[in-house]
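Engineer: Pasting a structure here, questions to come.
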Amino acid sequence: MKKKTWIALGIISIVLVMIFVSVYRQVLAKGPSVKTTEIKQEEISSLLMVPGTVQLQAEQIVYATPDKGELKELLVKEGQTIKKGTVLAKLQNPQLELEIEQNKIAIESANLKINQMDKKMKELKDKEKTLAEQIGKEEAKKQIAPEQEQLEMEKKLADLDLKQTSLQKNMISKRQAELEIKSTIDGVVLSAKKPDSSTATGTMAEPIVHIGKLEGMTASGLLSEYDTLKVNSGKKVMIKSNAVQGQEWQGEIMKIAILPQPSQAGIQNGSQAVQYPVTVKISGDTKALKPGFQVIMEIETDKKSAMVLPIDTVHDDGDKPYVFIVKNGKAQKQKVKTGITSGERIEILEGIGKGDQVIVNGPDNLKNGLEVTVK
């Protein structure tokens with residue numbers, strides 16, 4: 001009995017194995033499953049990738065200026081919103097205060113001299129009248145002429161002294177006005193700090209006050225002389241930052257410098273390599289961006305209508321770009337000629353026609369002639 005049972009189990013096992021092998025062969029015969037797409041005509045544009053730095057559209061940086069005076073009072077604090085014309089800080093300059101007092105004395109002295117000269121000239125006129133009654137007008141005028149010329153000369157010198165001291169007063173008043181440092185823009189105080197007296201001589205001093213306009217940030221970068229021929233003001237720009245993953249900003253070129261900024265490397269090598277600064281205005285919510293952030297600016301250049309495929313359909317083994325198409329149930333390697341790349345799409349110039357089923361990102365073991373099943 002036991003022997004019959006074992007024989008029956010053996011027969012069942014053999015049948016199951018045969019069924020499994022048959023099914024496995026049928027699955028293999030179908031080949032791997034693949035996803036396909038067709039070439040489409042769409043509007044695309046090539047992108048110029050330019051590294052850039054986020055900057056404030058408007059800012060004011062105030063440094064300590066010992067030649068003008070020492071900081072007397074800091075009137076703003078970090079984070080404060082201010083208007084143009086707000087007094088940020090006041091300076092004091094003892095030397096300037098001394099010059100102001102000296103100028104006041106000089107002006108007063110010049111006025112006293114002029115008044116004295118006027119008084120003497122009046123007395124001389126009275127003397128001339130008296131002499132005229134005694135010896136006649138002509139003789140009287142002749143006698144007082146030397147004294148009159150002397151007084152007139154002294155009066156002119158006194159007038160010149162007054163003019164000079166008045167000019168000095170104007171210059172001193174301008175310097176005095178500079179003791180009040182005012183904001184030149186509307187914005188936010190990004191930093192406000194009294195200068196550190198312990199800072200070593202010759203090191204870069206920190207600003208006393210730094211004001212910035214946080215709305216409407218910009219990004220700046222450099223274009224080669226060839227790239228300047230591809231772009232112009234008003235071109236659309238996509239901005240990305242590695243520091244802020246998964247977020248993008250729209251932008252627009254505000255300005256391309258007329259004059260180039262010489263490349264330091266080019267100067268050292270003796271070449272004429274030049275780069276042109278480009279400024280891009282960033283649109284939308286820029287709260288996540290901070291001045292100094294490094295970004296990549298994708299500048300849209302040539303826009304046209306073209307036949308395109310998803311970029312992951314095209315492969316390149318170093319010879320020539322190619323794709324796999326499905327033909328008669330098999331993967332067929334097809335060489336193609338490509339054009340510009342735009343985001344996730346690539347232009348196909350030759351090799352693929354309408355209706356061809358192009359395999360999208362097929363399996364690693366995909367080979368020419370392999371049987372495949374379209375999903």
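Engineer: State to the nearest 20 debye the size of the charge dipole of the chain about its Cα centre, where the only charges are +1 on K and R beta carbons and -1 on D and E beta carbons. List each step's numbers first, then the result.
Structural biologist: Values: 54 positive and 49 negative charges, 474 e Å.
The dipole magnitude comes to about 2280 debye.
Engineer: Go through G339, S283, G355 and say which Cα lies farthest out towards the positive end of the charge dipole of segment 280-375; charges sit on Cβ, +1 for Lys and Arg, -1 for Asp and Glu.
Structural biologist: Going by the charge dipole, the pick is G355.
Engineer: Now, a different point. What are the GluC sites (Glu not before Pro) within segment 309-375 that DSSP puts in a loop, where the Cβ has at most 15 other Cβ atoms within 10 Å? Intermediate values should be presented prior to the final figure.
Structural biologist: Working: sites: E344, E347, E350, E371; in loops: E344.
Passing sites in segment 309-375 are E344.
Engineer: Please return the longest range in the chain lying between exposed loop sites, taking chymotrypsin sites (Phe, Trp or Tyr not before Pro), DSSP loop only, at most 16 other beta-carbon atoms within 10 Å, and leaving the sites out.
Structural biologist: Value returned for the longest uninterrupted segment is 64-225.
Engineer: Roll a 1.4 Å probe over the protein heavy atoms and report the accessible area of K290 in Å², nearest 10.
Structural biologist: Solvent-accessible area, nearest 10 Å²: 110 Å².
Engineer: Do the alpha carbons of any pairs in K155/K182; K303/K354; K77/K163; K169/K194; K235/K335; K281/K335 sit beyond 32 Å of each other, and which pairs? Walk me through the numbers before you get to the answer.
Structural biologist: Values: K155/K182 42 Å; K303/K354 22 Å; K77/K163 43 Å; K169/K194 30 Å; K235/K335 34 Å; K281/K335 42 Å.
As for pairs spanning more than 32 Å Cα to Cα, those are K155/K182; K77/K163; K235/K335; K281/K335.
Engineer: Sticking with this structure for a sec: Relative contact order, percent, of the chain when contacts are C-alpha pairs under 8 Å separated by at least 6 residues? Can you show the working numbers first?
Structural biologist: Numbers: 664 pairs, mean separation 102.6, N = 375.
Reported relative contact order: 27 percent.
Engineer: Keeping all protein chains in place and using 1.4 angstrom, which order do I107, I325 fall into by accessible surface area, from largest down? Write down the numbers at each step before the final one.
Structural biologist: Numbers: I107 35, I325 10 Å².
Largest accessible area first, the residues go I107, I325.
Engineer: Per DSSP H run of at least 4 residues, take -39500 (n - 2.57); add these up for the chain, divide by its residues and hand me the 222 nm value, nearest 500 deg cm²/dmol. Mind dumping the intermediate values first?
Structural biologist: Numbers: 4 runs with 118 residues, N = 375.
About -11500 deg cm²/dmol.
Engineer: OK, next. Can you give me the % of accessible surface on segment 287-375 that is carbon or sulfur? Probe 1.4 Å, all protein chains present, nothing else counted. Can you show the working numbers first?
Structural biologist: Numbers: 2310 of 5150 Å².
That share works out to 45 percent.
Engineer: Let me ask something additional. Could you calculate, for the chain, the ratio of the Cα radius of gyration to the Kirkwood radius, expressed as Rg to Rh? Intermediate results must be reported in sequence, preceding the final value.
Structural biologist: On the way: Rg = 43.9 Å, Rh = 30.8 Å.
Expressed as Rg/Rh, it is 1.43.
Engineer: Mind ranking S191, S45, S283 by accessible surface for me, highest first, 1.4 Å probe?
Structural biologist: Details: S191 35, S45 10, S283 60 Å².
So the residues, ranked largest to smallest area, are S283, S191, S45.
Engineer: Excluding ligands, DNA and RNA, what is the solvent-accessible area per residue of the chain at a probe of 1.4 Å, expressed in Å²? Let's see the in-between values first.
Structural biologist: Numbers: 25270 Å² over 375 residues.
Per residue, the chain has an accessible area of 67 Å².
Engineer: Each residue of segment 318-333 in order: what ³J(HN,Hα) in whole Hz does its phi give by Karplus 6.51 cos²θ - 1.76 cosθ + 1.60, θ = phi - 60°, with x for Gly and Pro?
Structural biologist: x, 8, 7, x, 8, 10, 10, 10, 9, 9, 6, x, 10, 7, 10, 6
Engineer: Return the percentage of antiparallel bridges among DSSP beta bridges fully within the chain, rounded to the nearest 5 %. Please report the intermediate quantities before stating the final value.
Structural biologist: Working: 77 of 79 bridges.
The antiparallel proportion sits near 95 percent.
Engineer: Mind checking which aspartates and glutamates have their Cα closer than 20 Å to the Cα of K104? Skip sequence neighbours fewer than 8 apart in that chain.
Structural biologist: List returned: D159, D161, E178.
Engineer: Picking from T301, I61, L74, whose Cα lies most toward the positive end of the charge dipole for the chain (charges on Cβ: Lys, Arg +1; Asp, Glu -1)?
Structural biologist: T301
Engineer: Roll a 1.4 angstrom probe over the protein heavy atoms and tell me the percent of accessible area of segment 113-190 that is carbon or sulfur.
Structural biologist: On the way: 3050 of 5840 Å².
Carbon-and-sulfur percentage of accessible area, whole number: 52.
Engineer: Would you report the distance distribution of C-alpha pairs in segment 21-162 as whole percents per 5 angstrom bin, up to the bin with the largest distance?
Structural biologist: 2, 6, 8, 7, 6, 5, 5, 5, 5, 5, 5, 5, 4, 4, 4, 3, 3, 3, 2, 2, 2, 2, 2, 2, 1, 1, 1, 1, 1, 1, 0, 0
The values are calculated or read from the model by the stated rules, or taken from the named source; none is laboratory data. On a predicted model such as this, the values are computed, not experimentally measured, just so you know. When we count neighbours, we look across all protein chains shown, and the Cβ atoms used for this are built from the backbone with ideal geometry, even at glycine. Ligands, DNA and RNA are stripped out before the accessible areas are found, and what is left, the full protein with its side chains, is counted by its heavy atoms. Shrake-Rupley method; radii C 1.70, N 1.55, O 1.52, S 1.80 Å.
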